[in-house]
Amino acid sequence: MDLFSCLSPFVFCSFASGSSGNCYYVGRQEEGILVDVGISAKQVKMKLLQQDLTLNSIKAILVTHDHIDHVSGLEVLEKEHPIPIYAHSDCLQGLVEGKATKNLDPSLFHEIDPLQPFNLMSIAIEAYPVMHDGRGAVGYHFNYEGHTLTIATDIGMLDKVVKEQILRSENIVIEANYDSEMLEKGKYPYHLKQRISGPFGHLSNEEMARFIVSAYHPGMKNIMLCHLSENNNTPQRTMQCLHEQFRKRRVRPDVNTTIFPLPRHKSTGFVYL
Ligand SMILES: [Zn+2]
Ligand SMILES: [Zn+2]
């Protein structure tokens, strides 16, 4: 068997992750879907090119919610190359009213119903509601030929719905937004600290770590930590927190499980799911 026949046909690539912009590629090596366009169209094209892809390779854009760090590049990209946009109806309404997205062509909009599976490019997709203060905020679960991925970003609290999605996935992109101590001691005004740590804000390292360790099974291939805060977290702190939880609970991650934080601006290249 050669190297390439061992690799999964289902790939993920993070183009950017964090409050400065989020954009992920999910699909096959030659064509796929974007999840969020929170970076400029120019950046998207550059990152696609790095993977030998162009906008022609993108068959759909799924949006998690209408916050600017997830949609800032959408309008320019769509003007240049119209691509169907899938999102919750509340999120689509948010896009119509949003400063950076109000000129999007609504004929490109496709409403999705949370927990109602649909298919794009033979990938089974399910959106699920998450607790966050963006409009129509959802996460996404993907299944392509039995290879599974859950994206769980921008979540104030891990409720039963999110946990169930992660439990049925081999590959997970989960938010690790802030280190509690850094947020508490940091410069943010009180109301912002309350928002971030509240039930409709973001996930802390600790919340992420506790849950991942409790849900861990050796079938987990990739655990990717996303949306790290620039001011209230570091990749080292996130990883340290997760490894500490593994140690505390006496759980040893399998050698075939890869755990890593997603870089803020750099592309990860293809991750084989
Ligand atoms: Zn958000
Ligand atoms: Zn965000």
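The values are calculated or read from the model by the stated rules, or taken from the named source; none is laboratory data. Everything numeric here is computed off the predicted structure, so don't read it as measured data. All Cβ positions, glycine included, derive from the backbone under ideal geometry; neighbour counts span all protein chains shown. Surface areas here come from the heavy atoms of the whole protein model, side chains and all, with no ligands, DNA or RNA. Shrake-Rupley method; radii C 1.70, N 1.55, O 1.52, S 1.80 Å.
Summary of values
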{"read-out": "Tally, over segment 34-56, of residues that are in contact with a helix residue (DSSP H, G or I) (Cβ under 7 Å, 6 or more places away or on another chain) and β-branched (Val, Ile, Thr)", "value": "3"}
{"read-out": "Residue that is farthest from ASP133 (Cα to Cα) [pool: residues in segment 186-232 that are assigned to a strand (DSSP E or B) and away from ligand 1 (no atom under 16 Å from the Cβ)]", "value": "ASN222"}
{"read-out": "Options ASN177, ASN256: the member that is open to solvent by 70 Å² or more (accessible area, probe 1.4 Å) and over 24 Å from ILE125 (Cβ atoms)", "value": "ASN256"}
{"read-out": "Elements of type strands (runs of 3 or more DSSP E) in segment 57-161, at least 1 residues being aromatic (Phe, Trp, Tyr)", "value": "85-87, 109-111, 118-120, 123-129, 138-144"}
{"read-out": "When residues of segment 144-157 are limited to those that are surrounded by fewer than 21 Cβ atoms within 10 Å (Cβ to Cβ) and out of contact with any Ser or Thr (no Cβ under 9 Å at 6 or more places or on another chain), the one nearest to TYR178 (Cα to Cα)", "value": "MET157"}
{"read-out": "Search result, residues across segment 47-84 that are surrounded by 15 or more Cβ atoms within 10 Å (Cβ to Cβ), of a type outside the set (Gly, Ala, Ser) and in contact (Cβ under 8 Å) with a residue 60 or more places away in the chain", "value": "LYS47, GLN51, LYS59, LEU62, THR64, HIS65, ASP66, HIS67, HIS70"}
{"read-out": "Residue check for MET131: out of contact with any Leu (no Cβ under 6 Å at 6 or more places or on another chain), modelled with pLDDT of 95 or more, open to solvent by 40 Å² or more (accessible area, probe 1.4 Å) and not acidic (Asp, Glu)", "value": "yes"}
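A quick yes/no check of all residues on (1) in contact with a Pro (Cβ under 8 Å, 6 or more places away or on another chain); (2) not acidic (Asp, Glu):
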position: MET121; (1), (2): no, yes
position: ALA127; (1), (2): yes, yes
position: GLU145; (1), (2): yes, no
position: VAL162; (1), (2): no, yes
position: ILE172; (1), (2): no, yes
position: TYR188; (1), (2): no, yes
